[in-house]
Amino acid sequence: MSDNIKGLLILLVGVLLIFTQDVLIKYTIFDASLMQILVFRGFIGFLLLAAYLTYNKQPVIFRSAHPYIAIFRGSTFFFGFTMFFISLSQISLAEATSLFFVSPFFMTIFSYFILKKNFGINRLFSICIGFSGTILIIKPEFNNINIYMFFPIIAACSYSLSMVLAKKTAGNDSLFQQTFHVYIGAFIGGSIISVLIHNYDFNLSIFYILSNPWIFNDYRTFGLIIFISIVGGLGLFCLIGAYRLASPLSCSILEYIHLIFAIVVGYFIFSEIPDLYSFIGIFLIVSSGIFIVFRENKLEELVVAKTTLRT
């Protein structure tokens, strides 16, 4: 079996695990503490990755050659996915997932400013199509704006910025080091927010879901939190392994299966049915996102070809 096939199989497992995590968080978000889930997931993910490196006799290194960027990346990643999980309490799973898939457009923008990667008219047109899809899903009305619809977009922006910064520091920080930074960011960020919320009287308003107390004495809920943490940690680990084995193009396309799962499971478990405009918006986002992935792969092949000819 080729590395590409192995990578795609691992990616499929990773997507299923991450999707399971999302469904369980949506199912328990009104009863369990989101911060407790994120703290536990960060801690368990850290332990799993450390155990993996130890088993393979590799050094466990989490310091960074770019400490300020590492701190910013970990914080940004944590903030983005906190916003995404909060949105699950108020909008459908399919809508939240599809809005998050605007991340390729943000990656294009951040790559231009941070990595100095230019893009042409085709990419610009694709970005416009993708964002028009988000408008169809959000359906903004000035007298009745659902603010939670913007949270997955904020998450996509934060995630994209984190990934572009990971690319920028990849020469000095390994993939495992960068993953440690994400886990540590979730552990520290979730702990700090929990302490602040439960010791000070904040008016949380639209973030009221963060005020849920940590649970230890309800063994069913606590066990579910541990399970979500393990599933989420393993899912992220599988995604990392998949991108190391398979081609990024194949992985990026296969990740859109997540959206199909979201529509199907949202209907059968949460009785969520996206309307016609949302389906059109989802189609536009997916189509333009796939176009960007293929376009990026084609440009990389051209660069490799030109480099080969020169040598």
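Panel order for F62, F216, F180, by other beta carbons found within 10 Å of each beta carbon, from fewest to most: F216, F62, F180.
Neighbour counting of Cβ atoms within 10 Å sorts the residues R220, R41, fewest neighbours leading, into R220, R41.
What the Cβ-Cβ distance of F279 and S89 gives, at R0 = 22 Å and to the nearest 0.05, is a FRET efficiency of 0.45.
A simple charge model with +1 on the Cβ of Lys and Arg, -1 on the Cβ of Asp and Glu and nothing else charged puts the dipole of the chain at about 1120 debye relative to its Cα centre. Taking label points 7 Å from Cα along the Cα-to-Cβ direction, I226 and D31 give a separation of 1.7 nm. When the Karplus curve 6.51 cos²θ - 1.76 cosθ + 1.60 is applied with θ = phi - 60°, which whole-Hz ³J(HN,Hα) does each residue of region 18-33 get, with x for Gly and Pro? Each residue's phi maps through the Karplus curve to give 5, 5, 4, 4, 4, 5, 5, 5, 4, 6, 10, 5, 7, 10, 9, 8 Hz. Between the beta carbons of S191 and A170, assuming R0 = 41 Å, the FRET efficiency works out to 0.90 to the nearest 0.05.
Projected label points at F207 and I129, each 7 Å from Cα along the beta carbon direction, are separated by 3.7 nanometres.
Estimated at 0.36 nm per residue, the fully extended path between D3 and I257 surpasses their Cα-Cα distance by 89.4 nm. Across the chain, C-alpha contacts under 8 Å between residues 6 or more apart give a mean separation that, scaled by the residue count, equals a relative contact order of 42 percent. Rg/Rh for the chain stands at 0.96; both radii use Cα atoms, and Rh follows the Kirkwood definition. Here's the picture: charge each Lys and Arg Cβ at +1 and each Asp and Glu Cβ at -1 in the chain, and of L47, S194, A166 the one pushed furthest to the positive end of that dipole is A166. Candidates F106, I71, I29 compared by Cα position along the dipole of region 1-160: farthest toward the positive end lies I71, with charges placed on Cβ.
If each residue's Cβ is checked for other Cβ atoms within 10 Å, how do K167, K116 rank with the fewest at the top? Can you show the working numbers first?
Values: K167 16, K116 7.
Least to most surrounded, the residues fall as K116, K167.
Taking amide H as placed 1.01 Å from N in the peptide plane, the amide H of Q90 sits under 5 Å from none that are at least 5 places away or on another chain.
Around the amide H of K117, modelled in the peptide plane, lie the amide H atoms of Y112, all under 5 Å away and 5 or more residues distant in sequence or on another chain.
None of the figures in this text is laboratory data; all of them are computed from the coordinates on show. Only a predicted model underlies this, so the values are computations on that prediction, with no experimental measurement involved. Don't worry about glycine lacking a Cβ; one is built from the backbone with ideal geometry, like all the others, and counts go over all protein chains shown.
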